[in-house]
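Structure first, then comments.
What follows is calculated from the coordinates using simple rules that are stated; it is not laboratory data. None of the values given here were measured: they were computed from a predicted structure.
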Ligand code: GAP
């Protein structure tokens with residue numbers, strides 16, 4: 001089903017997936033906090049990416065580099081000179097806009113005045129701060145706008161210590177910061193966000209082959225995790241869209257409520273970054289191929305995804321509504337690996353003899369999966385809440401349980417119910433949840 005933007009934003013807020021940052025102070029625009037369910041979903045998305053990109057591969061290792069790096073990193077990478085957006089300012093209302101996002105330069109969309117725009121000025125998107133107690137230009141540092149550079153500057157450290165041979169990749173997940181001029185669409189474009197990036201180093205003549213390989217791999221990842229194929233598409237960048245480092249980029253786009261928009265960019269970064277860091281640092285970042293006796297600068301294929309943006313896309317994609325006996329049931333059909341909670345343990349009523357059983361069952365299951373033990377409200381409302389947050393299984397303890405030592409396990413998607421012996425519950429769930 002196609003879902004409207006406000007519905008999912010409201011659900012995310014109502015159920016504790018995402019809150020506006022600094023809400024009690026009126027909210028800080030373009031920054032968000034992940035609530036108890038959101039943090040689990042986001043962690044699961046990152047965990048699945050790490051599992052597929054690092055743990056399951058012989059040719060990729062991970063790192064976790066610092067957010068604040070030497071300013072020379074950003075000089076060498078080109079971000080200080082080129083990571084800019086063209087800004088125009090209305091001389092009447094002083095609002096600023098990205099020139100390339102305006103439909104016309106003749107009239108200000110904010111105050112409506114004509115011919116009030118200044119000449120465009122390039123605005124650097126990096127957040128600048130100062131290291132140490134003195135605020136001087138010599139102490140200026142930047143919050144990283146991408147995790148990728150932390151990988152390039154550690155290329156030689158990782159190669160040497162991990163004894164990796166080409167082709168191999170270095171992966172990293174972490175926060176990035178961009179002073180976006182037009183943040184918006186909930187967590188889609190924010191000024192603080194998380195990325196999942198992998199730099200795959202290879203021989204220059206093999207770069208095209210690896211580029212195609214990673215395009216296929218990345219598509220497989222989204223679809224394997226349940227994203228509907230018709231909602232994902234690949235789009236090749238036109239020459240004038242390419243970043244300053246790229247010889248070719250494919251975007252993985254998702255069908256958001258406002259249309260297809262970017263989830264991930266897969267770029268052929270050539271030898272741009274390693275060469276730039278060699279020149280600026282004076283360090284040798286070439287690779288010596290022992291078999292052929294050649295020394296060269298590797299090319300890089302980079303699948304670069306947004307963790308927070310992808311989490312939002314999975315949330316949208318999973319949203320479903322269906323008619324059940326004249327009622328509308330809202331259900332998040334998240335893949336079980338992504339679901340924030342895997343199991344809800346529910347006594348049919350608050351009667352102490354039932355709660356005693358569910359308390360013990362919840363304690364048994366808690367070390368195995370993220371669970372919720374919920375004893376409030378009528379059972380129908382509790383099922384509805386669990387459907388709405390995507391919990392794959394609900395276990396209900398009723399009065400028969402006290403006699404037959406069995407419980408009812410309800411499946412989120414089919415609503416089918418199985419009666420399972422209490423001592424078999426963990427095995428039953430393990431077969432289905434893994
Ligand atoms: N290292 C390459 C790089 O950073 P990018 O296309 O600028 O490439 C990669 O960013 C991904 O990071 C994007 O596809 C998007 O998912 C995510 N991303 C970028 N800017 C973002 C923002 N302001 N808010 C949320 N996610 C963002």
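Once you order the gyration tensor axes a ≥ b ≥ c over the Cα atoms, which shape class does segment 1-159 get: rounded for a/c under 1.5, otherwise prolate or oblate by comparing a/b with b/c?
Values: a/c = 1.97, a/b = 1.20, b/c = 1.64.
Because a/c hits 1.5 or more and a/b fails to exceed b/c, segment 1-159 counts as oblate.
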TODO: Take every Cα-Cα distance within segment 341-433, group them into 5 Å bins from 0 onward, and report for each bin the whole-number percent of pairs it holds.
DONE: 3, 15, 29, 29, 19, 6, 0
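Relative to 2.2 N^0.38 Å, what does the C-alpha radius of gyration of segment 1-93 come to as a ratio? Two decimals please.
On the way: Rg = 19.6 Å, N = 93, 2.2 N^0.38 = 12.3 Å.
Segment 1-93 yields a ratio of 1.60.
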Task: Mean-position separation - Cα centroids, segment 178-213 and segment 360-433, in angstrom - done: 40 Å
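What does DSSP give for segment 341-433 in terms of the percent of beta bridges that are antiparallel, rounded to the nearest 5?
Numbers: 9 of 17 bridges.
Given both bridge residues lie in segment 341-433, the antiparallel proportion sits at roughly 55 percent.
Using helices alone, what [θ] at 222 nm do you get for the chain, with -39,500 (n - 2.57) per DSSP H run of 4 or more residues, divided over all residues and rounded to the nearest 500?
Numbers: 13 runs with 126 residues, N = 434.
The helix contribution divided over the chain gives -8500 deg cm²/dmol.
Given N residues in the chain, what is Rg(Cα) / (2.2 N^0.38 Å)? If you can, show how the numbers build up before the last one.
Values: Rg = 25.5 Å, N = 434, 2.2 N^0.38 = 22.1 Å.
My calculation over the Cα atoms of the chain gives 1.15.
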